[in-house]
Each structure stands twice: as C-alpha cells, then as structure tokens.
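Visitor: One structure follows; several queries about it will come next.
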There are 4 protein chains.
Amino acid sequence: MMDEQKKGKAVSRLNRIEGQIRGIRRMVEEDRYCMDILAQTRSVASALRAVEDLIMENHMNTCLAHAMQSSDPGEKQQKIQEVMDVLGQMRKYG
Amino acid sequence: MMDEQKKGKAVSRLNRIEGQIRGIRRMVEEDRYCMDILAQTRSVASALRAVEDLIMENHMNTCLAHAMQSSDPGEKQQKIQEVMDVLGQMRKYG
Amino acid sequence: MMDEQKKGKAVSRLNRIEGQIRGIRRMVEEDRYCMDILAQTRSVASALRAVEDLIMENHMNTCLAHAMQSSDPGEKQQKIQEVMDVLGQMRKYG
Amino acid sequence: MMDEQKKGKAVSRLNRIEGQIRGIRRMVEEDRYCMDILAQTRSVASALRAVEDLIMENHMNTCLAHAMQSSDPGEKQQKIQEVMDVLGQMRKYG
C-alpha cells in the first residue's frame with residue numbers, strides 16, 4: 001500500500017521513537033527532573049504525529065482516492081467516515 | 001522525586017508503549033491497512049498521555065508545591081512558567 | 001456548497017457559540033472562579049470543533065470527492081495537501 | 001481575582017473572538033470555500049487558547065499558589081486535581 005521509500009521513512013522513524021521511549025524509561029528510573037522527562041515525551045508525541053501524517057497522506061492518496069472514484073455511494077461515505085473518526089481520535093490525543 | 005509505586009507504574013507503561021511501537025513497525029512492514037495502523041498509533045498517544053499525567057501530577061505535588069512555599073517570587077514565577085510552557089507543548093501535540 | 005440543512009445547523013451552532021462567548025466575557029468581568037471560566041471556554045472549544053467536523057465532512061463529500069474524480073494529478077495532490085494542512089492546524093489547537 | 005490589566009486583556013480578546021464568530025457565520029451563509037472557513041475557525045481556536053493561558057497562569061499565581069501555602073493537604077490535593085482535570089479537557093479539545 002505504501003511505496004518502499006515512504007515505508008522505509010516510517011520504519012526508521014518508528015525505530016527512533018522506540019529508542020526515545022527506552023531513554024525516557026531510563027530517565028524515570030534515574031529520578032531525572034520531571035520537566036526534562038516531559039520535554040522528551042513531547043518530542044515522542046511530535047515524532048509519532050509525523051509518522052501519522054505520513055500514513056494519513058498515503059491513505060488519502062491511495063484508498064480514499066480510489067473509493068472516491070467508485071460509483072458506490074455507500075463505499076465513499078464509509079471511507080470518509082473512517083477518516084473523520086481517525087481525525088476525531090487525533091484531535092483527542094494530539 | 002517520584003515515589004517507588006508511581007515510578008513502577010510509569011516504567012511498566014513505558015515498557016508496554018515500547019512493545020506497541022514495535023508492533024506498529026511490524027504493521028507498516030507487513031502493509032497492513034492504514035486505518036488499523038492509525039488506531040494503534042492513537043493508542044500509543046493515549047498511553048503516552050497517561051504517563052505524562054502521572055509525571056505532571058507528581059511535579060505539581062512536589063516541585064511546584066515546594067516552590068510555592070518559597071519566599072522567592074522569582075522562583076515561584078519560574079516554576080509556573082515551566083508548567084505553562086509544557087502545557088503549551090501538550091496542547092500542540094495532544 | 002453546503003446543503004440548506006447542514007448550513008442551518010452550522011449557523012445555529014455559531015449563534016450559540018456567540019452567546020457563550022458573551023457569557024464568558026461577563027464571567028471575567030464579574031471575577032468568577034477561574035476554573036468555572038475555563039469549563040466554559042472548553043465548552044466553546046468543543047462546540048467549535050463540532051462546527052469544524054460538519055464543515056470538514058462536507059468538504060470531503062463535495063470538493064475533495066470531486067477533485068479525486070478529476071484526471072489532473074496536480075489538482076488531486078493540491079486538495080489532499082489542503083486537507084493535511086488544516087488537519088495539522090486542528091491538531092495544533094485542538 | 002485577576003488584576004485590572006489582565007482582565008482588560010481577556011475582555012478585549014473575547015470581544016474580538018465574538019466578532020470573528022459573527023464573521024464565520026456570515027461566511028457559512030455566503031457559501032464561502034470550506035477551507036477558508038476552517039482557517040477562520042482555527043484562528044478562533046488559537047485566540048481562545050490565548051485567553052485560557054491568561055486565565056490559567058493567573059489561577060496558578062493566585063489560587064493554586066495560595067492553596068500550596070495552606071497546611072491542609074486535602075485542599076492542596078483538591079486544587080491540583082482541578083488543574084489536572086482542566087488540563088485533561090484542554091488536551092481533549094485543543
């Protein structure tokens with residue numbers, strides 16, 4: 001569904017996020033300053049969002065674009081509803 | 001700074017998030033449906049937020065409470081500004 | 001662009017929001033408790049979001065759907081980029 | 001609770017937001033382009049957030065600071081919980 005270049009980008013970002021999470025756990029274990037830990041969790045939230053933007057844009061360019069060309073109005077409506085639902089979740093937790 | 005019980009809770013949540021991130025990477029590699037991947041990234045965003053709430057509440061109960069009892073108005077102001085800055089970042093990326 | 005029913009819904013919600021804003025201004029002027037004022041501003045943020053969801057869903061069902069059926073890849077890409085940009089703004093300020 | 005200068009700032013911002021809401025209603029009635037309407041609602045969301053930051057910072061500097069100096073641990077805990085609850089609402093709708 002995603003081309004190899006975008007997939008590679010998403011995978012390498014997820015690898016970096018995994019490393020960041022391990023770093024945050026270490027900070028908690030070592031009693032580091034709360035505000036410094038929160039700066040790191042915010043950095044993960046921002047990185048996660050970049051991955052989501054990549055996936056969402058890809059979805060619109062492929063699946064959603066395909067559904068829009070379909071002659072089935074039910075399929076169109078369902079695909080738009082899916083995007084609206086994810087959008088609602090994105091606004092809920094950043 | 002955090003008591004052992006809260007620290008243990010934060011660490012075990014971070015471990016679970018690390019596993020979720022690995023699961024998401026696998027989903028990307030296996031070309032899973034975009035909307036299913038986004039449901040998982042949203043679940044991570046929500047779990048990350050629970051960790052942040054734990055840390056923020058602890059910060060208010062310890063550091064911020066301590067600064068508020070200080071007689072130095074500059075220290076009070078600085079600690080409040082720190083919380084406002086993190087709050088701004090939290091609203092920016094969920 | 002919007003059908004009359006949706007337009008009426010959006011207009012009546014905006015009227016209610018306008019009244020809520022006036023109520024919040026009064027609360028500020030009357031020195032009401034900060035947390036009570038913030039509960040009201042949060043209610044406006046939630047109502048504003050409902051209006052945005054209405055407009056966004058309409059946009060996807062009309063403009064975006066139309067662009068997706070176009071044979072011009074540049075137009076498709078531009079319309080998707082517009083939605084991604086608004087999505088970015090939505091995540092920035094709820 | 002707020003000093004006159006901050007109160008004046010909050011009131012004048014709320015007046016501007018009220019005008020913006022009326023402008024958005026007109027845009028809906030005049031069938032303006034969805035993306036242009038959403039740019040305006042985003043501007044309101046950002047302005048609303050600035051008002052909230054003003055109120056929140058004031059709250060921390062007055063009420064919360066006062067509670068922190070109290071010798072009653074129940075009162076401290078209650079005031080922190082209030083801030084955490086509003087924070088949760090802020091992250092939910094920007």
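Visitor: When you look at B:GLN5, is it closer than 25 Å to A:SER12 by Cα, polar (S, T, N, Q) and either touching a residue at least 12 places away in the same chain (Cβ under 8 Å) or more than 14 Å from chain D (Cβ to nearest Cβ) (or both), yes or no? Write out each step before concluding.
Guide: Values: closer than 25 Å to A:SER12 by Cα: no; polar (S, T, N, Q): yes; either touching a residue at least 12 places away in the same chain (Cβ under 8 Å) or more than 14 Å from chain D (Cβ to nearest Cβ) (or both): yes.
No, not satisfied.
Visitor: Still on this structure: Of the conditions (1) surrounded by 14 or more Cβ atoms within 10 Å (Cβ to Cβ); (2) free of Cβ contacts under 8 Å to residues at least 24 places away in the same chain, A:ASP31 fails just one. Which one is it?
Guide: Of the numbered conditions (1) surrounded by 14 or more Cβ atoms within 10 Å (Cβ to Cβ); (2) free of Cβ contacts under 8 Å to residues at least 24 places away in the same chain, the odd one out for A:ASP31 is (1).
Visitor: Also: Looking only at the range A:34-51, how many residues end up being among the charged types (D, E, K, R) and either at pLDDT 95 or above or surrounded by fewer than 19 Cβ atoms within 10 Å (Cβ to Cβ) (or both)?
Guide: Looking only at the range A:34-51, we keep the residues that are among the charged types (D, E, K, R), and these are A:36, A:42, A:49.
In the following step, the residues that additionally are either at pLDDT 95 or above or surrounded by fewer than 19 Cβ atoms within 10 Å (Cβ to Cβ) (or both) were identified as A:36.
Count: 1.
Visitor: Select from the range D:17-35 the residues that are facing chain C (nearest Cβ under 7 Å), over 14 Å from C:VAL44 (Cα atoms) and not in a loop (DSSP other than H, G, I, E, B) and list them in ascending order. Steps first, answer last, please.
Guide: As a first pass, look at the range D:17-35 and keep what is facing chain C (nearest Cβ under 7 Å): D:17-18, D:21-22, D:24-25, D:28-29, D:31, D:34-35.
Checking which are over 14 Å from C:VAL44 (Cα atoms) leaves us with D:22, D:24-25, D:28-29, D:31, D:34-35.
Residues satisfying the conditions are D:ARG22, D:ILE24, D:ARG25, D:VAL28, D:GLU29, D:CYS34, D:MET35.
Visitor: I'm trying to understand the selection: among the residues of the range C:15-42, which are within 22 Å of D:MET1 (Cα to Cα) and small (Gly, Ala, Ser)?
Guide: Initially, the range C:15-42 is screened for residues within 22 Å of D:MET1 (Cα to Cα), giving C:20-42.
Listed by number, the residues that qualify are C:GLY23, C:ALA39.
Visitor: Further question on the same structure: Kindly indicate whether C:ALA10 is at pLDDT 95 or above and in a helix (DSSP H, G or I). Let's see the steps before the verdict.
Guide: On the way: at pLDDT 95 or above: yes; in a helix (DSSP H, G or I): yes.
Yes; evaluated as a whole, the condition is true for this residue.
Visitor: So, in the range C:1-38, how many residues would count as being of a type outside the set (Lys, Arg) and either touching a strand residue (DSSP E or B) at 6+ places or on another chain (Cβ under 6 Å) or under 30 Å from D:GLU57 (Cβ atoms) (or both)?
Guide: So the answer is 19.
Visitor: Any idea how many residues of the range A:49-89 are under 30 Å from B:ASN58 (Cβ atoms) and either more than 14 Å from the chain's Cα centre (by Cα) or touching a residue at least 40 places away in the same chain (Cβ under 8 Å) (or both)?
Guide: Of the residues in the range A:49-89, 2 are under 30 Å from B:ASN58 (Cβ atoms) and either more than 14 Å from the chain's Cα centre (by Cα) or touching a residue at least 40 places away in the same chain (Cβ under 8 Å) (or both).
Visitor: Still on this model: Would you mind stating whether D:THR41 is of a type in the set (S, T, N, Q), within 7 Å of chain C (Cβ to nearest Cβ) and assigned to a helix (DSSP H, G or I)? Give the steps one after another, and end with the answer.
Guide: Numbers: of a type in the set (S, T, N, Q): yes; within 7 Å of chain C (Cβ to nearest Cβ): yes; assigned to a helix (DSSP H, G or I): yes.
Judged against the criteria, D:THR41 is a match.
Visitor: Can you confirm whether C:GLU29 is modelled with pLDDT of 95 or more and not hydrophobic (A, V, I, L, M, F, W, C)?
Guide: Numbers: modelled with pLDDT of 95 or more: yes; not hydrophobic (A, V, I, L, M, F, W, C): yes.
Answer is yes for this residue.
Visitor: Further question on the same structure: Does at least one position in the range A:58-69 carry a residue that is over 25 Å from C:GLY74 (Cβ atoms) and either at the interface with chain B (Cβ under 7 Å from one of its Cβ atoms) or part of a helix (DSSP H, G or I) (or both)?
Guide: Step one: filter the range A:58-69 for residues over 25 Å from C:GLY74 (Cβ atoms), giving none.
Within the range A:58-69 (the criterion being over 25 Å from C:GLY74 (Cβ atoms) and either at the interface with chain B (Cβ under 7 Å from one of its Cβ atoms) or part of a helix (DSSP H, G or I) (or both)), the answer is no, since none of the residues qualifies.
Visitor: Continuing with the same structure: Filtering the range B:71-82 down to residues that are facing another protein chain (nearest Cβ under 7 Å) and crowded, with 19+ Cβ neighbours inside 10 Å, which residue is farthest from C:GLY88 (Cα to Cα)?
Guide: Restricting attention to the range B:71-82, the residues satisfying the condition of being facing another protein chain (nearest Cβ under 7 Å) are B:76, B:80, B:82.
Next cut, crowded, with 19+ Cβ neighbours inside 10 Å only: B:76, B:80.
Working: B:LYS76: 34, B:ILE80: 28 Å.
Top of the filtered list is B:LYS76.
The values are calculated or read from the model by the stated rules, or taken from the named source; none is laboratory data. Everything numeric in this text was worked out from a predicted model, so none of it was measured. Positions of Cβ are backbone-derived with ideal geometry, glycine not excepted, and every protein chain shown enters the neighbour counts.
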